[in-house]
Amino acid sequence: MEPSGIIAISVTIVLVIIAALCAIIGIGLWCVARTRFLGPFVTFIPTLALLGATCGSWGLAQLVAEAAESGSEAPVLGWRAGLPVGGVVGGVSGLLLALWMRGTTTKNVATQ
């Protein structure tokens, strides 16, 4: 396997592990009353940003690989470009989901 492939796989594994840890920590924060307001933000923003970066990088690399000729460096450049693009898209969607979830949980707590 080429070094760029090993690096891509290693970065992907690290991103997925960190995303899982963020989700677990965020759920833990959600369970404690004093830190409940942080729960949605820690659960969704970093998790979706990391997963978005992972999916964006591999997805863009696949699209570039299909369009490029074999043996070129284009898929590696597509993978590198997909990391920030997917991360931003995932982070913004995580922020919107966290704000929506925080409003939903605040309304539920206020009505009880």
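Where a number appears in this text, it was derived from the coordinates with a stated rule and is not lab data. The structure displayed is predicted, hence computed values, not measured ones. All Cβ positions, even for glycine, are placed from backbone atoms using ideal geometry, and neighbour counts span all protein chains on display.
Could you identify the single residue in A20, A68 that is of a type in the set (G, A, S) and surrounded by 14 or more Cβ atoms within 10 Å (Cβ to Cβ)? Just a single option satisfies the conditions, and that option is A68.
Scan the range 36-50 and tell me whether some residue there is loosely packed, with under 15 Cβ neighbours inside 10 Å and without any contact (Cβ under 8 Å) to a residue 40 or more places away in the chain. No: zero hits.
Only a single criterion out of (1) closer than 18 Å to G5 by Cβ; (2) loosely packed, with under 15 Cβ neighbours inside 10 Å; (3) under 15 Å from the mean Cα position of the chain (by Cα); (4) not small (G, A, S) is not satisfied by C55, namely (2).
Can L50 be described as in contact with a Cys (Cβ under 8 Å, 6 or more places away or on another chain) and not basic (K, R)? When the stated conditions are applied, L50 passes them.
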